[in-house]
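Some notes on the structure that comes next.
The values are calculated or read from the model by the stated rules, or taken from the named source; none is laboratory data. Since we're looking at a predicted model, the values are computed, not measured. Note that each Cβ is placed from the backbone with ideal geometry, even for glycine, and that neighbours are counted across all protein chains shown.
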Amino acid sequence: MEGLLDFVLRDVLTRVGGVDRCVSEFIRVSGNLLSDKTFVRYIPELNNGGRTLAGVPVRAQLLGSDPVSMAENAARLAALGPEGIDLNFGCPAKTVNRHGGGAALLREPETIAAVVAAVRRAVPAHLPVSAKMRLGYDDAGRARECAQAMEQGGACELVVHARTKQDGYRPPAYWEQIPAIRAAVRVPVVANGEIWTLADALRCRAESGCDALMLGRGIVADPGLALAIRAHDAGAEPAPLAWSALVPQIARFWDLVCADLDPPQRAGRLKQWLNLLRRRYPEAQQAFDQVRVMTDQRAITAWVRQAVADQETSRS
């Protein structure tokens with residue numbers, strides 16, 4: 001998710017555990033052949049064998065509408081060693097859609113097929129090429145047609161965000177519409193959208209018929225969500241990730257933000273994560289209230305160090 005699930009959060013969340021694979025933020029392709037440096041900026045894991053430091057593979061996501069340009073960029077990206085290439089046909093952002101990318105292509109199944117086919121031809125046969133879609137642009141009337149276009153183009157897997165472009169991120173997600181898409185294709189389908197809790201995950205599976213799930217904002221708000229799903233699948237009682245266990249990860253997140261992001265971005269990124277954590281942790285509300293008024297990096301660093309010290313003291 002652009003501006004949220006970047007390499008910093010990928011590192012932290014995969015350290016918590018339970019995640020099989022990550023997908024990068026989308027890399028916009030608009031006609032130019034991007035440099036290796038640009039790809040590595042989005043996906044620093046390319047310098048680590050295409051994996052996070054916790055060892056979880058990262059699939060690189062491209063967004064664009066020109067088959068030739070998408071193919072050329074996919075070929076260059078493939079040479080850098082990602083786990084695979086994912087194609088974004090689901091972004092609802094107005095700027096992206098205005099330029100014919102993301103969910104706008106759900107009105108053009110023939111273009112979708114051409115883009116997927118061009119990318120599939122351009123990258124080595126062993127490299128997976130997958131695609132992410134929404135149910136449609138204005139409605140779900142062409143969902144199956146779009147899914148079939150992706151499959152015909154050579155996509156080996158589809159992720160379906162169970163809302164239209166017009167729905168944006170407003171609840172609910174319409175998981176019950178995914179079975180019709182699954183029935184229309186022969187490749188695996190992954191369900192996505194509005195999965196915030198273990199109960200949501202189980203209901204999504206039941207309504208969509210999908211075993212595999214993609215977690216977005218839900219795992220940012222509850223970093224232990226994937227572990228809880230895995231525990232349930234193993235027949236164990238899911239143990240919620242305690243705030244005390246999360247505080248050291250917040251400290252690592254802040255260290256990475258300070259090391260890798262430009263100074264104007266740093267405070268905002270921590271506030272953004274704490275804001276989402278408030279959905280799951282009462283303690284995050286207090287933390288957010290304290291950090292929200294801070295702008296000085298040194299003050300925030302001192303607050304983070306004190307939070308870690310307080311947790312260590314409470315455990316001793």
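Filtering segment 189-208 to residues that are polar (S, T, N, Q) and part of a loop (DSSP other than H, G, I, E, B) leaves only Thr197.
Restricting segment 260-316 to residues that are among the hydrophobic types (A, V, I, L, M, F, W, C) and exposed (fewer than 12 other Cβ atoms within 10 Å of the Cβ), which is farthest from Gln249 (Cα to Cα)? Checked segment 260-316; the qualifying residue farthest from Gln249 (Cα to Cα) is Val293. For segment 158-188, a residue qualifies if it is surrounded by fewer than 22 Cβ atoms within 10 Å (Cβ to Cβ) and not in a loop (DSSP other than H, G, I, E, B), and the qualifying residues are Glu176, Gln177, Pro179, Ala180, Arg182, Ala183, Ala184.
If you take the residues of segment 267-316 that are over 22 Å from Leu5 (Cβ atoms) and among the basic types (Lys, Arg), which of them is modelled with the lowest pLDDT? Filtering first and then ranking leaves Arg315. Listed by position, the helices (runs of 4 or more DSSP H) inside segment 61-154 whose residues that are outside the structural domain of Asn192 (by TED's automatic domain parsing) and over 19 Å from the mean Cα position of the chain (by Cα) number at least 1 form an empty set. Checked against the criterion of being free of Cβ contacts under 8 Å to residues at least 24 places away in the same chain and of a type outside the set (Ser, Thr, Tyr), the candidates Asn32, Asn97, Asn73, Asn47 yield just one match: Asn47. Residues that are among the hydrophobic types (A, V, I, L, M, F, W, C) and in contact with an Asp or Glu (Cβ under 7 Å, 6 or more places away or on another chain) are absent from segment 41-51 altogether.
For segment 204-230, filtered to residues that are within 19 Å of Ile181 (Cα to Cα) and more than 17 Å from the chain's Cα centre (by Cα), the residue that is surrounded by the most Cβ atoms within 10 Å (Cβ to Cβ) is Ser208.
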